[in-house]
1. If I compute solvent accessible area with a 1.4 Å probe over the protein chains, what percent of it on the chain is carbon and sulfur?
2. Build a GNM of the chain with springs between Cα atoms under 10 Å: which of 147, 126, 134 gets the top mean-square fluctuation?
3. In deg cm²/dmol and to the nearest 500, what is the mean residue ellipticity at 222 nm of the chain if only DSSP H runs of at least 4 residues count, each as -39500 (n - 2.57), divided by the residue total?
4. What nm distance separates the two modelled labels at residue 99 and residue 9, each placed 7 Å from Cα along Cα→Cβ?
5. Taking the Cβ of residue 60 as the centre, find all other residues whose Cβ is under 12 Å away and add up their charges (Lys, Arg: +1; Asp, Glu: -1).
6. Are there GluC sites (Glu not before Pro) in segment 7-84 that DSSP marks as loop and that have at most 16 other Cβ atoms within 10 Å, and which are they?
7. Once phi is turned into ³J(HN,Hα) by the Karplus curve 6.51 cos²θ - 1.76 cosθ + 1.60 with θ = phi - 60°, what whole-Hz value does each residue of segment 100-115 show in order, with x for glycine and proline?
8. Could you calculate the FRET efficiency of residue 153 with residue 32 from 1/(1 + (r/R0)^6), where r is the beta carbon distance between them and R0 is 22 Å, rounded to 0.05?
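The values are calculated or read from the model by the stated rules, or taken from the named source; none is laboratory data. For clarity, every value in this text was computed on a predicted model and none was experimentally measured. With ideal geometry, Cβ positions are generated from the backbone for all residues, glycine too; neighbour counts draw on all protein chains shown. To get the accessible areas, we keep the full protein, side chains included, count just its heavy atoms, and leave off ligands, DNA and RNA. Shrake-Rupley method; radii C 1.70, N 1.55, O 1.52, S 1.80 Å.
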Amino acid sequence: MFDIEPVSLVISMVLILLFSAPFVIYKRNQSQKIKSQNLFIEQLASGSNLKFDESDNWRDLYFIGFDSGRKNLVYIKFGPEKTVHHIDLSKATDILLVKVERSITMDGKPVNVIDGLTLKIETYDEKRDVISLEFYDSELFSDNMGELPLIQKWEKIVKPIVKANHPHLRKVS
């Protein structure tokens, strides 16, 4: 039969609590952060009367959504300062996927490393404007976790809409 001393039991319980407390606190903070981001997105969508047919969140930092009925694209970069782009794609004249990469040598073989992924959308209203939507920045993250297929997906979604825009918009630019 086991004989457990109360002092040993209390010490082991305190050690278990001290070990697990940072994980619990991090998880709680992360879920509150995601909840506040989702609330912001919902308020933005309802305030602008948008219904996102297609949307993506990644890295708990970025959001992009598309309302096909209104041809509106919404991009949000959360952080210390929220960056919000509300783009009317019916006024878009061009779209460009920008992939910044550099070549390094690993094991004697050249390898391309992605430093940044940006989707640039040119619009023409009263003035010509180029909006840059950041999908990946190597200064913020040490690795690329599927941002390249994600940005290619969004380029495929937006490109047909831009091409279908009125020909006079493309001639102006």
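1. Working: 6700 of 11770 Å².
Reported share for carbon and sulfur atoms: 57 percent.
2. It is 126.
3. Details: 3 runs with 66 residues, N = 173.
The per-residue figure over the chain is -13500 deg cm²/dmol.
4. Using points 7 Å along Cα→Cβ, the separation is 6.1 nm.
5. Values: positive: 33, 35, 59, 77; negative: none.
Summing Lys/Arg as +1 and Asp/Glu as -1 gives +4.
6. Details: sites: 42, 54, 81; in loops: 81.
Here the sparse-neighbourhood loop sites are 81.
7. 9, 9, 9, 9, 10, 10, 10, 6, x, 10, x, 10, 8, 10, 7, 9
8. Details: r = 29 Å, r/R0 = 1.32.
That pair, residue 153 with residue 32, gives E of 0.15.
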